[in-house]
Amino acid sequence: MDAQVSPRTPFTSPLWAKLWWRHLRQKGPAIRQEFFVHTVRDEAGKLLAIAPLVITHRPGFGPLQFRLLQFFGETDGGITDHRCLLCREQDEPRMIQALASYLYDRKEKWDLFVWTGIRHNDVAQDRPRTLEDYTKTPYYLVPLPDSWEKFRAGLSANMKRTIRKCYKHLARDGHRFTFRTISRPEDIPISLERLLALHSERAQFKYATRHQDLFAKAPHRAFIADVGRLMAERNQLRIFELEVDGKVLASRMAFLLGDELYLHFSGYDLDWRKHGIMTTLMCECFKWAIERGIKIVNLAKGKDASKTRWRSRESAFHDALLMSPTRRGSLTYNLRKTKKRVVSVSEEIRLAVQRQRFSWRAHHGACGGFAALGCAVPP
């Protein structure tokens, strides 16, 4: 079933679900998660869909719990980038209807279903009566030609200049780089340790697109270490590294799934940001993929310039809320809507303050973190 989900990601594999449940499920007094996986079969018993669900109880115990239905990975802070019903795309509308009807018949067991990763754009027409489509998240796929020259020719003029500058700046300053791919299981732990350190450093940078440190917590690090080791044993893991003058300065984890390459989290040395070190790494990743006949590179979810500049193809996943037809369901739904409005306003305020601080620093010439951007620093 995992292989029938398109586009391919590591997050729909049985291995990912097994390790996620072992390392990351919540089982404390504040939050407790209950295993709630279901399958959908036809009359002949053929498997049509898998719903890798948990019931999240908040608080974990007591009579006043809110019971959220969620897919595996909803509470891990973004490590599981894609969470969805596992089925063929053409079967999705029927599977949504079947699962929703099943859950309605068991309405006393849950209050609200946070239904993520719906692929069909016409979900508004096919959805059950109370399935509310509340957000749309873009994701980006890059179809690859059979040569780097053809790929580069399809980029914008500005992106071509950016690529030339990245390589030129390293050569101009007398630096030599080496691109390498780590895939052997015995080499993964050390390479992953370097990647996690660079990822954490990147998350500290405040003056560009914010990137969360996904692995700040020990259980998250233990989880990705197990994922790395076991996926490497299946020959499905790659860690791409860019080494300059003997030191690894940029790194990215990727999953090789048939003829598709999924690019997951990354990190780089902030002192080398003005050299465009991540752009150079990405160029080398694309070259590597093209040489091996990879057809699609998945740049993951979320819109930012680092994805759109590669002339990627944009699609979208829909997230929706399915309310249990009970008083508890209605209460939970209203509380969640109120919370999202408060969070949205708070985020708008945070971004406004950040923009104002950035503008003030730029106007007054304060060096702060701007030296890393290559700005002139006043004497």
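The values are calculated or read from the model by the stated rules, or taken from the named source; none is laboratory data. The structure presented is a predicted model; accordingly, all values stated were derived computationally and were not measured. A quick note on method: Cβ atoms are made from the backbone with ideal geometry, for glycine too, and the neighbour counts reach across all protein chains shown.
Cβ-Cβ distance below 8 Å, separation of 6 or more or different chains: which pairs start in the stretch 99-118 with a residue that is in contact (Cβ under 8 Å) with a residue 12 or more places away in the chain and surrounded by fewer than 14 Cβ atoms within 10 Å (Cβ to Cβ) and end on one that is among the charged types (D, E, K, R) and part of a strand (DSSP E or B)? Pairs that qualify, where the first residue is in contact (Cβ under 8 Å) with a residue 12 or more places away in the chain and surrounded by fewer than 14 Cβ atoms within 10 Å (Cβ to Cβ) and the partner is among the charged types (D, E, K, R) and part of a strand (DSSP E or B), are Lys109/Arg67.
Just one of the numbered conditions (1) at positive phi; (2) surrounded by 15 or more Cβ atoms within 10 Å (Cβ to Cβ) is not true of Ile50: (1).
It is to be established whether one or more residues within the stretch 72-87 are over 23 Å from Lys18 (Cα atoms) and either touching a residue at least 40 places away in the same chain (Cβ under 8 Å) or under 25 Å from the mean Cα position of the chain (by Cα) (or both). Looking through the stretch 72-87, none of the residues is over 23 Å from Lys18 (Cα atoms) and either touching a residue at least 40 places away in the same chain (Cβ under 8 Å) or under 25 Å from the mean Cα position of the chain (by Cα) (or both).
Checking the structure you have, find out if any residue of the stretch 56-70 is loosely packed, with under 15 Cβ neighbours inside 10 Å, out of contact with any Lys or Arg (no Cβ under 8 Å at 6 or more places or on another chain) and within 30 Å of Met253 (Cα to Cα). Checking the stretch 56-70: not a single residue is loosely packed, with under 15 Cβ neighbours inside 10 Å, out of contact with any Lys or Arg (no Cβ under 8 Å at 6 or more places or on another chain) and within 30 Å of Met253 (Cα to Cα). Put simply, of Ala197, Ala216, Ala254, Ala225 the only residue that is among the small types (Gly, Ala, Ser) and touching a residue at least 40 places away in the same chain (Cβ under 8 Å) is Ala197. The number of residues in the stretch 219-250 that are of a type in the set (Phe, Trp, Tyr) and either under 12 Å from Ile188 (Cα atoms) or assigned to a strand (DSSP E or B) (or both) comes to 1. Flag: Ala254 does not match the condition of being in the same structural domain as Leu131 (by TED's automatic domain parsing), closer than 21 Å to Tyr139 by Cα and in contact with a Lys or Arg (Cβ under 8 Å, 6 or more places away or on another chain).
Do we have Leu230 as at pLDDT 95 or above, over 29 Å from Arg25 (Cβ atoms) and in contact with a Leu (Cβ under 7 Å, 6 or more places away or on another chain) here? No: the conditions fail for Leu230.
Kindly indicate whether Ser147 is out of contact with any His (no Cβ under 6 Å at 6 or more places or on another chain) and at pLDDT 95 or above. It is true that Ser147 is out of contact with any His (no Cβ under 6 Å at 6 or more places or on another chain) and at pLDDT 95 or above.
All of Arg41, Arg32 fail the test of being modelled with pLDDT under 95, over 19 Å from Thr116 (Cβ atoms) and surrounded by 12 or more Cβ atoms within 10 Å (Cβ to Cβ), apart from Arg32. Residues in the stretch 1-29 that are basic (Lys, Arg) and surrounded by fewer than 18 Cβ atoms within 10 Å (Cβ to Cβ) were compared, and the one that is nearest to Lys295 (Cα to Cα) is Lys18. Given the criteria closer than 21 Å to Asp304 by Cβ, among the β-branched types (Val, Ile, Thr) and modelled with pLDDT under 95, does Thr130 qualify? For Thr130, the condition - closer than 21 Å to Asp304 by Cβ, among the β-branched types (Val, Ile, Thr) and modelled with pLDDT under 95 - is not met. Residues that are touching a His at 6+ places or on another chain (Cβ under 9 Å) and of a type in the set (Phe, Trp, Tyr) were ranked within the stretch 210-242; the one that is nearest to Leu19 (Cα to Cα) is Phe223.
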